[in-house]
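Down below is the structure, laid out as structure tokens.
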Amino acid sequence: MSNSLIWIIMIAVMLLSFIIQQVLQSKFTKYSKVPAAYTGAEIAELMLRQNGISDVKVISTQGRLTDHFNPQDKTINLSEGVYGSRSVAAIAVAAHETGHAIQHAKGYAPLRLRSALVPFVSFASNIVQWVLLAGVLLVSAFPALLWFGIFLFAATTFFSFVTLPVEVDASKRAVEWLEGQGITDSETRPMVEDALHWAAYTYVIAAIGSLATLLYYIGIARNR
């Protein structure tokens, strides 16, 4: 693959990433106005209980769309707009994050792999840009340095792709549980699916962008 084609892909990815983020924000705002019978916190707590999970806490965190499950301290962190909100957007996000807690409790293989990679990927992410920069500048004298940077970046790219099935499965669990409990119906289920699909697109485009960047650096190393 030529460097010019890779640059085109990278620019397209950046544009798509911006568009997806804007659409996601719009979807969240739209579905935040559609009422639901439960708050995000209530959905998370109910979903945990019905799956026999008693060692995970549901807490509120600052920010917008900062929701996440932390397997280290076993907490479901819901943003202020989700934790106490009775809306379709809130229950979708809360159920999705609780889906991650269920994955953790049941030993879902892709999540276990992702968790195992976290320490190394965190280390790699902190130094990879500096190693790559030094590797490009010194490629003629020390080509091994660039290849080491490529190895570190490849680890982060692999991590991005491992994340995809984890996110898709959490959304699937959320949609099926909400419908199974009668919390969503024929009108609100498509809204939940729509919101979660757009959230998933952010991970897809990030993985593609990471792969394109990896190929770009490989091209530099091979054509030194």
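Here, each number is a calculation from the coordinates, and none is a lab measurement. Since the structure is predicted, the reported quantities are computational estimates derived from the model, not experimental observations. Neighbour counts run over all protein chains shown; Cβ positions are idealised from the backbone, glycine included.
In order along region 70-80, phi translates into HN-Hα couplings of 10, x, 5, 10, 6, 10, 9, 9, 10, 5, 4 Hz, rounded to whole numbers, per the Karplus curve 6.51 cos²θ - 1.76 cosθ + 1.60 with θ = phi - 60° and x for Gly and Pro. Here Gln25 and Phe142 are evaluated by their C-beta separation; at R0 = 41 Å the FRET efficiency comes out at 0.40.
Here the peptides 209-219, 39-49, 112-122 are ranked by packing, the mean other Cβ count within 10 Å, and the order with the highest first is 39-49, 209-219, 112-122. Helix 88-106 and the longest principal axis of the Cα set of the chain meet at an angle near 70°.
Evaluated at q = 0.17, 0.19 Å⁻¹, a Debye calculation over the C-alpha positions of region 135-224 (equal weights, vacuum) places log10 I(q)/I(0) at -0.75, -0.84. Percent of C-alpha pairs per 10 Å bin in region 15-91, short distances first: 20, 44, 28, 8, 0.
Taking amide H atoms as placed 1.01 Å from N in the peptide plane, the amide H of Thr61 lies under 5 Å from those of Leu78, Ser79, Glu80, each 5 or more residues away in sequence or on another chain.
Taking the centroid of alpha carbons for each part, region 99-166 and region 50-84 are 25 Å apart. Both the radius of gyration and Dmax for the chain are 20.0, 65 Å, in that order, over alpha-carbon atoms. Residues in region 40-45 carry Karplus couplings, in order, of x, 5, 5, 5, 4, 5 Hz; the curve used is 6.51 cos²θ - 1.76 cosθ + 1.60 with θ = phi - 60°, and Gly or Pro positions show x. Computed 3J(HN,Hα) for region 52-63, one whole-Hz value per residue from the Karplus formula 6.51 cos²θ - 1.76 cosθ + 1.60 where θ = phi - 60°, is x, 9, 10, 9, 10, 9, 9, 10, 9, 10, 6, x, glycine and proline marked x. Under 5 Å from the amide H of Ala36 lie the amide H atoms of Ser87, Val88, each residue being 5 or more positions distant or on a separate chain, with H modelled from the backbone and absent for Pro and chain starts.
Grab the beta carbon distance between Ser186 and Asp55, set R0 = 35 Å, and tell me the FRET efficiency rounded to 0.05.
Numbers: r = 35 Å, r/R0 = 1.01.
For Ser186 and Asp55, the calculated efficiency is 0.50.
Where both bridge residues fall in region 3-222, DSSP classifies roughly 45% of the beta bridges as antiparallel.
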